[in-house]
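Some notes on the structure that comes next.
The values are calculated or read from the model by the stated rules, or taken from the named source; none is laboratory data. Predicted, not measured: the structure shown is a model, and the values here were computed from it. Methodologically, a virtual Cβ is constructed for each residue, glycine included, from the backbone with ideal geometry; neighbour enumeration extends over all protein chains shown. Calculation scope for accessible area: heavy atoms of the full protein, side chains included, ligands and nucleic acids excluded. Shrake-Rupley method; radii C 1.70, N 1.55, O 1.52, S 1.80 Å.
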Amino acid sequence: MIITKKRDFQELMKNIENYNRFFLLGCSECAALCSTGGEKELDEMKVALEAEGKEVTGTFVAKTGCQVLGTKVELKPFKDALTETDCILVLSCGAGTQTAVELFEDKPVYPTNDTLFLGNMTRLQMFDERCSLCGKCILDKTGGICPITACPKGLLNGPCGGCKDGYCEVSPDIKCAWVRIYERMKRLDKLQEFCETIIEAKDWAAHARPMNLNVRKKEEVKK
Amino acid sequence: MSFRDILDSGKFVVTAEIGPPKGTNIKEMLHHAEMLKGKIDAVNVTDNQSAVMRICSLAVCKLMLEMGHEPILQMTCRDRNRIGLQSDLLGASVLGIKNVLCMTGDHPNAGDHKQAKAVYDVESVQLLGIVNSLNIGRDMSGNELKGSTDFFQGAVVTPEANPLEPQLMKFEKKVRAGARFFQTQAIYDIEKFKDFMKYARKFPVKILAGIVLLKSAGMANYMNNFVPGIRVPQVLIDELKSAGKEKALDAGINIAAKHIRQLREEKICDGVHIMAIGAEAMVPEIMKRAGLL
Ligand code: SF4
Ligand code: SF4
């Protein structure tokens, strides 16, 4: 899931100081789980805006805010509220915000959240970054632990000299990713081959931005 | 004789470190380099050591060359991507620099530009592979070069790291990737270092033991607490303490000299790499007391 964090409210107020009527758009997926864009947060935002003398013309929590067409269909009943609004505030991730930008060409759209990373929810409201979407997964070579993400230097062939008592040079709160990988390989009895293999430098071309993927087209081509 | 020939000859090799200053005033650095002239076999020039921005290693290596030193270019993967690294290596080669020490490099968060974007496009093992490739006339992408390099490439190892096994795995990968010599993190426990050497001798590489000059008991304690892979035994700390404030540096010089003497006389390793960290002027004295001058 995509991890988001609320932006500072005063910063948001500065962004929108010239607008008076708002439509609030949330998302029931990641943003709801992060407590940044579910029903509750939309209500809170409405109250906060009204306390600042602003008006809210409507609110809606999209099923999947990053799904452009689905969101467009879902928003149909809100036509009036959307026409009346000066500005759309999106309480989801950056992708959800840009769904609104695509759907409302003539309206200003602002994010209320900062979008942080792709994360695993380890416990309620606790999130860990484990994958940085590098475009060419190497988990098959590293025992299923991602050093590109878990090692601040993204090293591919073992720990740096800064590893101290199994913890990372960069922060004593992080276990060294390479010590974790080494221990896991040992436990799986896969050490020898693992130690003898030099992982080549990463192919960052697989991560060239902006990326897009069209699965359907491929299938159609096959037909 | 070049650094590589001296190492091959079996002579006990001595290298020392020069840290480029932050700023364009290089008087003091040149003075230290002058003091070392004719006394050491090669001089390492650090590359933005501890992620603190300074004069680039390449420029200072060239200055060392002009002075008659044999420089070892330290090169970290922190600040350049693979294009920058290869380009700098080709530049070093045409300037006459023959030795390169491949390192990952401390993370920017340790240094004085914490907001910097760290690069780490490749890492030390892969950089060794790159140097190998340039030596045979190809870049990393396999393109043929107009003229190859002739580098003697080295790397670093931390024999007292905890945990040690993953570091040894990396050491072996570095050997496989083409490292010809290693300079170690500071060594203070010679008996323990002997165990590492017993292991390292299985590989066709030369090992220079890192000698970091202890300047006070406080410094020793600090290193034990904060610098990974360094363990100063209590007896040495006591020795520094009992020497008193005034004589602590002198005691530190004695410790370094004693260790170098033992490493050489017992033929434990192939040489030493002296890091005086701010007390570069003391290096000749260390060597004198070690019986090297
Ligand atoms: S290797 Fe790449 S795709 Fe695989 S987990 Fe790591 S960042 Fe994600
Ligand atoms: S200590 Fe481990 S996790 Fe931290 S930067 Fe070094 S190798 Fe990566």
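Note down the nm distance, to one decimal, between modelled labels 7 Å out along Cα→Cβ at A:Leu69 and at B:Glu34.
Between A:Leu69 and B:Glu34, the label points sit 7.8 nm apart.
Anything losing 40 Å² or more of accessible area from the isolated chain to the full protein assembly: pick those residues out of the stretch B:119-160, probe 1.4 Å, ligands and DNA/RNA ignored.
Buried-area filter returns B:Tyr120, B:Glu123, B:Gln126.
Hey, what did chain B get for relative contact order, percent, Cα under 8 Å, at least 6 apart? Provide the component values of the computation, followed by the final result.
Details: 534 pairs, mean separation 50.0, N = 293.
It comes to 17 percent, rounded to a whole number.
Angle, helix A:177-187 long axis vs. longest principal axis of chain A, Cα atoms, 0 to 90°, nearest 10?
Helix A:177-187 sits roughly 60 degrees off the main axis of chain A.
If I take every Cα pair under 8 Å that is 6 or more residues apart in the stretch B:240-293, average their sequence separation and divide by the length, what percent do I get for the relative contact order? Walk me through the numbers before you get to the answer.
Details: 34 pairs, mean separation 19.7, N = 54.
Normalised by residue count, the contact order of the stretch B:240-293 is 36 percent.
Counting only complete DSSP H runs, which helices of chain B cover 20 Å or more along their long axis at the Cα atoms and score a mean Kyte-Doolittle of -1.0 or above?
B:244-265
Count neighbours as other Cβ atoms within 10 Å of each site's Cβ, and list the trypsin sites (Lys or Arg not before Pro) in the stretch A:45-108 that are DSSP loop with at most 15 such neighbours.
Working: sites: A:Lys46, A:Lys54, A:Lys63, A:Lys72, A:Lys79; in loops: A:Lys54, A:Lys63.
Within the stretch A:45-108, the qualifying trypsin sites (Lys or Arg not before Pro) (loop, at most 15 other Cβ atoms within 10 Å) are A:Lys63.
Counting only heavy atoms of the protein chains, get the accessible area per residue of the stretch B:30-125 (1.4 Å probe) and round it to a whole Å² value. Kindly include the intermediate steps, with their values, before the conclusion.
Working: 3720 Å² over 96 residues.
Per-residue accessible area for the stretch B:30-125 comes out at 39 Å².
May I ask for the angle, rounded to the nearest 10°, between helix A:94-103 and the longest principal axis of chain A, with both axes built from Cα atoms and the value confined to 0 to 90°?
40 degrees
Mind checking how much accessible area B and A bury in total, 1.4 Å probe, in Å² rounded to 100? Write down the numbers at each step before the final one.
On the way: alone 13670 and 14320 Å², together 25550 Å².
Roughly 2400 Å².
Kindly tabulate the residues in the stretch A:138-172 with an accessible-area decrease of at least 40 Å² between the chain alone and the assembly of all protein chains, using a probe of 1.4 Å.
When all protein chains are present, A:Lys153, A:Leu155, A:Asn157, A:Pro159, A:Gly161, A:Lys164, A:Asp165, A:Glu169, A:Val170 each give up 40 Å² or more of accessible surface.
If you find the alpha carbon centre of the stretch B:222-293 and of the stretch B:95-111, how far apart are they in angstrom?
The distance from the Cα centre of the stretch B:222-293 to that of the stretch B:95-111 comes to 24 Å.
Exactly which trypsin sites (Lys or Arg not before Pro) in the stretch B:169-251 are in a DSSP loop and have at most 13 other Cβ atoms within 10 Å? All intermediate terms of the calculation are to be shown ahead of the outcome.
On the way: sites: B:Lys170, B:Lys173, B:Lys174, B:Arg176, B:Arg180, B:Lys192, B:Lys194, B:Lys198, B:Arg201, B:Lys202, B:Lys206, B:Lys215, B:Arg231, B:Lys241, B:Lys245, B:Lys247; in loops: B:Arg180, B:Arg201, B:Lys202, B:Lys215, B:Arg231.
Of the trypsin sites (Lys or Arg not before Pro), the ones in loops of the stretch B:169-251 whose Cβ has at most 13 other Cβ atoms within 10 Å are B:Arg201, B:Lys202.
What is the distance in Å between the Cα centroid of the stretch A:144-161 and that of the stretch B:1-30?
Using only Cα atoms, the two centres lie 32 Å from each other.
With each label point set 7 Å from Cα along the Cα-Cβ vector, what nm distance links A:Glu11 and B:Lys267?
About 6.5 nm, to one decimal.
Which trypsin sites (Lys or Arg not before Pro) does the stretch B:55-146 hold that lie in a coil by DSSP with at most 16 other beta carbons within 10 Å?
B:Lys114, B:Lys117, B:Lys146
How large a share of the accessible area of the protein assembly as shown, in percent, is made up of carbon and sulfur atoms when the probe is 1.4 Å and the other protein chains stay in place? Could you put the intermediate results ahead of the total?
Numbers: 13180 of 25550 Å².
Here it works out to 52 percent.
Taking 60 Å as R0, compute the FRET efficiency from the Cβ-Cβ separation of A:Leu133 and B:Lys258 and round it to 0.05.
On the way: r = 54 Å, r/R0 = 0.90.
That pair, A:Leu133 with B:Lys258, gives E of 0.65.
Which length gain, in nm to one decimal place, applies between B:Ser50 and B:Leu293 when the Cα-Cα distance is subtracted from 0.36 nm times their residue separation?
Numbers: separation 243, 0.36 × 243 = 87.48 nm, distance 3.10 nm.
That works out to 84.4 nm of additional length.
If Lys and Arg each add +1 and Asp and Glu each add -1, what is the summed charge of the other residues whose beta carbon sits under 13 Å from the beta carbon of A:Gly26?
Value of the local net charge: -2.
Accessible area per residue for the stretch A:46-104 in Å², computed with a 1.4 Å probe and the full protein assembly in place, what is it? Don't skip to the answer; put the middle values down first.
On the way: 3000 Å² over 59 residues.
Computed with neighbouring chains in place, this is 51 Å² per residue.
On average, how much accessible surface per residue is there in the stretch B:163-293, in Å², for a 1.4 Å probe, leaving out ligands, DNA and RNA? If you can, show how the numbers build up before the last one.
Values: 5630 Å² over 131 residues.
Per residue, the stretch B:163-293 has 43 Å² of solvent-accessible surface.
Please name the residues of the stretch B:100-117 whose accessible area, counted over protein heavy atoms with a 1.4 angstrom probe, falls by no less than 30 Å² between the chain alone and the full protein assembly.
Residues losing area: B:Thr104, B:His107, B:Asn109.
Cross-link partners among aspartates and glutamates for B:Lys170, C-alpha distance below 16 Å, same-chain residues fewer than 8 apart left out?
Output for B:Lys170: A:Glu183, A:Glu193, A:Glu196, A:Glu200, B:Glu123, B:Glu160.
Could you state how much accessible area B:Ser87 has, in square angstrom rounded to the nearest 10, with a 1.4 Å probe and all protein chains kept in place?
70 Å²
Between the stretch A:47-91 and the stretch B:164-220, how far is it from one alpha carbon centroid to the other, in angstrom?
What the calculation gives is 63 Å, centre to centre.
Based on the Cβ-Cβ distance of A:Val47 and A:Leu116, what FRET efficiency does E = 1/(1 + (r/R0)^6) give at R0 = 25 Å, to the nearest 0.05?
Efficiency, from the Cβ-Cβ distance: 0.50.
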